[in-house]
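A short worksheet on the structure shown next.
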Amino acid sequence: MSEGPLSRLLRRVRGVRSRDDERFLLLHLPASLTLLLVILAMLGVFIAYSIPVMSREGFHVFTDTTWRAVEGDPQAEWYGLLPAIYGSVYTSLIAVLIAAPLSVSLAVALEELTPRRLRGSLSLLTDLMAATPTIIYGLWGLAFLAPHMYPILSWLSSHASWIPLFSKHPSSGYTIATAGVLLAVMSTPFAAAVIREAYSMIPLSIREAAYSLGATRLEVIRILLGMVKPSIVAGLALAFARAVGETVAVSLVIGNSMTITPSVTDSGVTVSSLIASQFGNAGFYHYMTSALFAGGLVIFAIGLAVNVAAVWYMKKWEEKVMGVAP
Amino acid sequence: MPRSLRARKLENAVGLAVIVALAIASVLPLIHILYMVIVRGVEAIARIGLYRFLTEPPHPFDPQNPGGIGPALVGSLELSGLAIAVATLIALPASVLIAEFRGSRISRGTLLLALTLVEFPTILVGLTVYAVLVDHVVGGYNMLAGAVALTLVILPYMAVQASEALRGVPEGVREAAYSLGATRLKTVYALIAPAARRGILVGILIGLARAAGETAPLLFTVGGAYEGYHLCLYKVGGAVPLMIYQFIQMPYKPAQDLAWGAALVLMTIIVGVMLLARLLVKEVKIL
Amino acid sequence: MTGYALEVRDLRVTLSGKRILNGVSFRCPEATVTAVMGPSGTGKSTMLRAINRLLDLNPEAMVEGDILIHGRSVWEMEPYEVRRRATMVFQDPNPFPHMSIYDNVAVGPRLHGLARSKQELDEIVRWALERAMLWDEVKDRLRDPPSKLSGGQRQRLSLARALAVKPEILLLDEPTANVDPVNAVKIEEAIRSLVREEGITVVFVTHMPSQAVRVSDYLVFLYGGRVVEQGPSREVALNPSNPLTEKFFRGEL
């Protein structure tokens, strides 16, 4: 049988050595291509839908703070996403800062301090935390967290208003701080799972080495945490990216106001909560849908950048410390 | 500076106590969430009875007869069922490709694509599907768009999970399977994949849990209609998580009660699926 | 003071319900090397881990009997203190991969606060690396990670890390088993000079009779969880009183 160009191409894949293998590979390629197609389609859609607003406003759509929707007069419309971008990054940073000590402690407690009998049921609980739908967290944030944050934030803003973080007196419990705390609660189990996975892979010999020097349990934990530091950084970076993309829970507690403020006691907005709250009405205006897609592009870019950076950081660390060849 | 053993012991005790306290603090919210969902959910469901709550359409403005979540529940079943079926049909071959051509560029590329998609915010998937199916193909909100969006959300996760399960098949089993001399297709699907069936099944179950619980991909796709049973794929419909999102924001007590009842139903499904997954394998990977 | 750095009295260890050591007793005079030899799987490593209470970490382990360091029972001390005074080097080199060569050696002194200043710490690190016969090879790259070292160098780094906590007793668990012959010789030399010049007491576990005789002053032959024979190395090697010992020396066990 003669070898066609397709056959030659397929044979270049490692593990393809016969006609049977070629057929097998050919049959499975569409599945892989679907994934590629999905990413390309997403990128294509976001770029295409962002064009109207971009060609009108240019990059001002990302750097401007004005959000002006005018029905029936497209020329008067103007959309600046900066408050939303600021809010996304700000709330996610707060979330990661709170989640960092919580997730590290949770991972260490589960791996190091939990008796074997309890470990199964406790890790089921953390699995459940990660599997709980975001809308349930949002419901809790709306009905419990926000009303209970309000007195705390009021107190802070009346007693510590000289700190810019608490400079504004809250008008309700729906604030940047509430969104940050809720996002922290949601991302802790995820970050803890990433850290746990690395921690559980530390060889017994390294653990024994730490103990054999006469280190206390806490000192051993500190040494071992140093060893999995990249997974902590990566886990928190991924948690940050997830927080930036989180939609329904945040939109229920952040108050949705287009302002840029350092005060966490003020209400705010994030890109995804803006999309969630405005998309339904966007059809009444000429450029708003496009502006919201441009916001999607921003989340897209932040998520991709953080993910790539986290993976790159892990790789580099592995090469440097673990001696894995590049 | 020489550190006394006593100081170190104290530091050890305090440090460990702080770690345990923070760990407890991080799981307390979930416990409180479960508590709240159960208390408020039971209250809402008890008012009308479980059967009627699960089957009747909602009356969010009627305190006398608030109705139930029937249409949303059926919509959720339809959407999740379709999403799981289609996602499995694509994720399984993708995972076979990743696992069978290990070390090749195409395998690494496919895995990288799947891993990237897993981390993509689901709201972006929803917007993409809106642009293609709602805005262009159908010309209005429709259930098909919701099913496609959910499929795309769970597909990459299931592909990664299944490829890991396939990779866990011992080399001895693989060699024995290949030594029987069947075609590669038969060997993989009749002998190797069944050896990894537990892991694959867990991937499907977690995929199901996600499909049932996701809200953001449905925001701009299915529309949200709850008055009657909308099963037609080209028309608007609803789903439980979307209903919770919309009803909890209404300033009416019956609507909010319906949301809490729906949350209890949703959580019951999630917990059930998680327990089932846990029975199949010891370590469930939910990432 | 009894004159013995280490005394093991009727040590019995059970791991997951399985009896590993069945009444082991021996004594190590100060500044000597005691080789504990025996075929694989006879409980030698378990014994070392019992001595410095590393077995405490294993919830499946039950330890009975007494162990005295300079006449004081390890059960009366904190485990941290026991492990610092009787520290251990393991069969596989296990430096901390995320720390530099310098930090690997400095980690122990830092934990225990052995150095009052940076200079003092530098001195301890240098002393430990010299004692482990590694200093000349790494003095210009103390900031490198240990992954840049060869397996034998990594094992000497593990030795230096153990020495840096200034132990009285060094427990060595087949430290040359996974190391090339050149490095094995260096490690053996380093141990001899440590005993001679620093007065450290060494317990050296090995399954190789030739190495046991070469490095040690005293021999303890462990078989089936019991001490079959013990005494000064030369005597035991030349005149084994137990037929099992003879068989072991002939390589038949």
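Each value in this text was obtained by applying a stated rule to the coordinates, not by laboratory testing. In this text, all values refer to a predicted model and were calculated from it rather than measured experimentally. Cβ atoms come from the backbone with ideal geometry, glycine included; neighbour counts cover every protein chain shown.
The simple spin-label model puts a point 7 Å past each Cα toward its Cβ; for B:K235 and C:E197 those points are separated by 9.3 nm.
Normalised by 2.2 N^0.38 Å, where N is the number of residues, the alpha-carbon radius of gyration of the protein assembly as shown equals 1.13. Under the criterion of Cα pairs below 8 Å and six or more residues apart, the relative contact order for the stretch B:70-282 equals 30 percent. Net charge dipole, chain B: roughly 1180 debye, given to the nearest 20, about the Cα centre with Cβ charges of +1 for Lys and Arg and -1 for Asp and Glu. Would you work out which of B:I248, B:P194, B:L279 lies farthest towards the positive end of the dipole of the stretch B:188-287? Charges go on Cβ: Lys and Arg +1, Asp and Glu -1. Towards the positive end, the residue furthest out is B:P194.
Computed about the Cα centre, the dipole magnitude for chain C is approximately 260 debye when only Lys and Arg (+1) and Asp and Glu (-1) carry charge, each at its Cβ.
When chain B is treated as a GNM with alpha-carbon contacts under 10 Å, the residue of B:A91, B:A196, B:A159 showing the greatest mean-square fluctuation is B:A196. Candidates A:V70, A:A100, C:S73 compared by Cα position along the dipole of the protein assembly as shown: farthest toward the positive end lies C:S73, with charges placed on Cβ. With distances taken between every two different alpha-carbon atoms, chain B has a Kirkwood hydrodynamic radius of 21.5 Å. Within a straight-line Cα-Cα reach of under 12 Å, C:K139 can be paired with the following aspartates and glutamates, leaving aside sequence neighbours fewer than 8 residues apart in one chain: C:D122, C:E130. Relative to the Cα centre, the charge distribution of chain A, modelled as +1 at Lys and Arg Cβ and -1 at Asp and Glu Cβ, gives a dipole magnitude of about 1040 debye. Database remark: amide H of C:S25 closer than 5 angstrom to the amide H of C:D10, C:L11, C:V227 (H placed geometrically; neighbours at sequence offset of 5 or more, or on other chains; Pro and chain starts carry no H). Of all aspartates and glutamates in the structure, those lying under 14 Å Cα to Cα from B:K253, and not within fewer than 8 positions of it along the same chain, are B:E43, B:D62.
Applying a length cut-off of 18 Å (Cα extent along the axis) and a mean Kyte-Doolittle floor of -1.0 to the DSSP H helices of chain A leaves A:19-57, A:82-108, A:116-131, A:146-159, A:176-200, A:229-245, A:288-322. Placing unit charges on the Cβ atoms of the charged side chains and taking the dipole of the protein assembly as shown about its Cα centre, the candidate lying farthest along the positive direction among C:A177, B:V265, B:A239 is C:A177. Dividing the summed -39500 (n - 2.57) terms of all DSSP H runs of n ≥ 4 by the residue count of chain C sets its mean residue ellipticity at 222 nm at -10000 deg cm²/dmol. Under 5 Å between amide hydrogens, built in the peptide plane, is the criterion, and for B:E56 it picks out B:G68, B:I69, B:G70 among residues at least 5 positions away or on other chains.
Does a label point 7 Å from the Cα of A:S55, set along Cα-to-beta-carbon, have any residues of the stretch A:275-309 with amide nitrogen under 17 Å, and which are they? From the stretch A:275-309, the list is A:286-294.
A simple rule links phi to the HN-Hα coupling: the Karplus curve 6.51 cos²θ - 1.76 cosθ + 1.60 with θ = phi - 60°, which for the stretch B:147-157 gives 5, 5, 4, 5, 4, 5, 6, 8, 4, x, 4 Hz, with x for Gly and Pro.
Take chain B, connect every pair of alpha-carbon atoms lying under 10 Å apart with a spring to form a Gaussian network, then pick out the residue of B:T215, B:T55, B:T116 with the largest mean-square fluctuation. Judging by the Gaussian network model, the answer is B:T116. Could you check the spin-label model distance between C:D136 and B:E43? Points 7 Å from the Cα along Cα→Cβ, value in nm. Output for this residue pair reads 8.1 nm. Using the Cβ-Cβ distance between A:A41 and C:M208 with R0 set to 60 Å, the FRET efficiency works out to roughly 0.35.
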